[in-house]
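The values are calculated or read from the model by the stated rules, or taken from the named source; none is laboratory data. Since the model is a prediction, treat every value here as computed from it, not as a measurement. When we count neighbours, we look across all protein chains shown, and the Cβ atoms used for this are built from the backbone with ideal geometry, even at glycine. Please note that ligands, DNA and RNA were not included when accessible areas were found on the heavy atoms of the full protein model with its side chains. Shrake-Rupley method; radii C 1.70, N 1.55, O 1.52, S 1.80 Å.
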Amino acid sequence: TSTPVTATPATVTVTGAAGKIAYSLLFRLASGLVFGPGTPVRLRLLDIPSAVVAAEGVAMEIEDCALPLVESIEITDDVDTAFDGAKAAFLVGARPRGKGMERADLLTANGAIFREQGRAINAHAADDVRVVVVGNPANTNAYIAHRHAPDVPAGRFTALMRLDHNRALSQLATRLGAPVADLDGVVVWGNHSATQFPDVSYLTRRGEPVTSGLDEEWLADTFIPRVANRGAEIISVRGSSSAASAAGAAVDQMRDWVHGTSGEGWTTVALPSEGQYGTVPGVVTGLPCRSRGAQWEVVEGLAIGDFQRARIDASVAELVSERDAVHGLGLAD
Ligand code: NAD
Ligand code: LMR
């Protein structure tokens, strides 16, 4: 409580405000975990009409925390109101995947939501808006939203792959018996789906390359499928999709974007590709990224071997097929 609250307030929009992820996310935002302890937040909560009352209940709980950084909370079911002046937008609201469903099944259900929100962001958000799409299929939803926001630079639309990145880091830390903070150089290429490629080729521990403890068999048979299928594993074990870990990753992604990543380290962000590392321009793919506090910069010059090439290409091919499917449905034209 010793930090003075002096900075200009940040207007933050969270969609799906009555849902499970938002219930973790909103309290972290309201506590200053993204913008810092000196920046007040104006929270905009968007949900569908039938969920607005529940969103009001969440807002009441935020009020009851008496958090000094919360300047205002506005609850709405109107997409244009929700994004008015937004500096940061977490697009969480969508139908979550149930048991046995694949992300492709969600394209039709969720595509229309992101078309409308892209349009509203284009019309009403701040010029330097930062968008993190969480709702699945996250990469292609970000693609759709960006297609409907022609005045917003492509790099302002990201999808959440920090959760996959964090999952990979945690599995590696356990395997190596190392603190998570000692590890760097992980990247998760491709789609936030079972085709994703969590890649340890550049892994370092306290700045030194990791040369032992990660044999090829463990990587191919355990690590990669474990990380890539972790969302489904959580659904099966918990009975409901990941929520607090997703909110934590969304906070990590937005915080690092706003404040910058440290040193020469990087993280994974899904961004509209400019063709880096042989990915297909336009699709929203996981890439190694740094921020210096303004925009994400893709780390250049990493060597790509044959094993990596095949895995990256397979996941990008899935993104291309999702892209083609949404164009076929008229959701991205
Ligand atoms: P949830 O069902 O608990 O909440 C979703 C909320 O979105 C509901 O309140 C619903 O009313 C609202 N909503 C639906 N349509 C909306 C619209 N048009 N505008 C605004 N709000 C709308 O779901 P959840 O557990 O919070 O998950 C949300 C999404 O996040 C799902 O798509 C889930 O698959 C996805 N997810 C992504 C990741 C990731 O790493 N990218 C991780 C976990 C979950
Ligand atoms: C996750 O990765 O936990 C989410 O995307 C939920 C899912 O459907 O896998």
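Looking across the range 204-223, the residues that are touching a residue at least 12 places away in the same chain (Cβ under 8 Å) and open to solvent by 10 Å² or more (accessible area, probe 1.4 Å) come down to Thr204, Arg205, Arg206, Gly207, Val210, Gly213, Leu214, Trp218, Leu219. Run Ser193 past the list (1) in contact with a helix residue (DSSP H, G or I) (Cβ under 8 Å, 6 or more places away or on another chain); (2) away from ligand 2 (no atom under 16 Å from the Cβ) and report the number of the one that doesn't hold. Exception for Ser193: condition (2).
Taken together, the residues in the range 229-259 that are among the small types (Gly, Ala, Ser) and either open to solvent by 70 Å² or more (accessible area, probe 1.4 Å) or touching a Pro at 6+ places or on another chain (Cβ under 7 Å) (or both) amount to 2. Residues that are in contact with a helix residue (DSSP H, G or I) (Cβ under 8 Å, 6 or more places away or on another chain), assigned to a loop (DSSP other than H, G, I, E, B), closer than 24 Å to Gly260 by Cα and open to solvent by 20 Å² or more (accessible area, probe 1.4 Å) within the range 1-55 comprise Leu33, Phe35, listed in sequence order. Given the criteria closer than 25 Å to Ser242 by Cβ and within 16 Å of ligand 2 (Cβ to nearest atom), does Gly100 qualify? When the stated conditions are applied, Gly100 passes them. The residue list Val284, Val210 contains one member that is farther than 30 Å from Ala10 by Cα and touching a helix residue (DSSP H, G or I) at 6+ places or on another chain (Cβ under 9 Å), which is Val210. The condition of being at negative phi and either modelled with pLDDT under 95 or near ligand 1 (Cβ under 9 Å from one of its atoms) (or both) holds for only one of Val53, Val79, Val34, Val12, that being Val79.
Taken over the range 63-76, residues that are open to solvent by 60 Å² or more (accessible area, probe 1.4 Å) and either free of Cβ contacts under 8 Å to residues at least 60 places away in the same chain or within 16 Å of ligand 2 (Cβ to nearest atom) (or both) amount to 5. All of Asn136, Asn110 fail the test of being within 16 Å of ligand 1 (Cβ to nearest atom), over 14 Å from the mean Cα position of the chain (by Cα) and at pLDDT below 95, apart from Asn110.
Looking at the structure I just gave you, is Met60 within 16 Å of ligand 2 (Cβ to nearest atom), over 16 Å from the mean Cα position of the chain (by Cα) and either outside any helix (DSSP H, G or I) or of a type outside the set (Phe, Trp, Tyr) (or both)?
Details: within 16 Å of ligand 2 (Cβ to nearest atom): no; over 16 Å from the mean Cα position of the chain (by Cα): yes; either outside any helix (DSSP H, G or I) or of a type outside the set (Phe, Trp, Tyr) (or both): yes.
Considered against the rule, which asks whether it is within 16 Å of ligand 2 (Cβ to nearest atom), over 16 Å from the mean Cα position of the chain (by Cα) and either outside any helix (DSSP H, G or I) or of a type outside the set (Phe, Trp, Tyr) (or both), Met60 comes out as no.
Scanning the range 146-171 for residues that are closer than 18 Å to Gly135 by Cβ and of a type in the set (S, T, N, Q) yields a single hit, Thr158. I'm told Trp257 meets every condition in (1) without any contact (Cβ under 8 Å) to a residue 24 or more places away in the chain; (2) over 22 Å from His148 (Cα atoms); (3) part of a helix (DSSP H, G or I) except one. Can you identify the failing condition by its number? Trp257 satisfies all of (1) without any contact (Cβ under 8 Å) to a residue 24 or more places away in the chain; (2) over 22 Å from His148 (Cα atoms); (3) part of a helix (DSSP H, G or I) except (1). All told, Ser240 meets the bar of being within 16 Å of ligand 2 (Cβ to nearest atom) and outside any helix (DSSP H, G or I).
Residues checked against (1) polar (S, T, N, Q); (2) within 11 Å of ligand 2 (Cβ to nearest atom); (3) closer than 20 Å to Ile48 by Cα:
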{"site": "Asp78", "(1), (2), (3)": "no, no, yes"}
{"site": "Thr81", "(1), (2), (3)": "yes, no, yes"}
{"site": "Ala94", "(1), (2), (3)": "no, yes, yes"}
{"site": "Thr108", "(1), (2), (3)": "yes, no, yes"}
{"site": "Asp127", "(1), (2), (3)": "no, no, no"}
{"site": "Val132", "(1), (2), (3)": "no, no, yes"}
{"site": "Pro137", "(1), (2), (3)": "no, yes, yes"}
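Residue by residue, here is whether (1) surrounded by fewer than 14 Cβ atoms within 10 Å (Cβ to Cβ); (2) assigned to a loop (DSSP other than H, G, I, E, B) holds:
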position: Val280; (1), (2): no, yes
position: Cys289; (1), (2): no, no
position: Glu297; (1), (2): no, no
position: Ala310; (1), (2): yes, no
position: Asp313; (1), (2): no, no
position: Val316; (1), (2): no, no
position: Asp324; (1), (2): yes, no
position: Leu331; (1), (2): no, yes
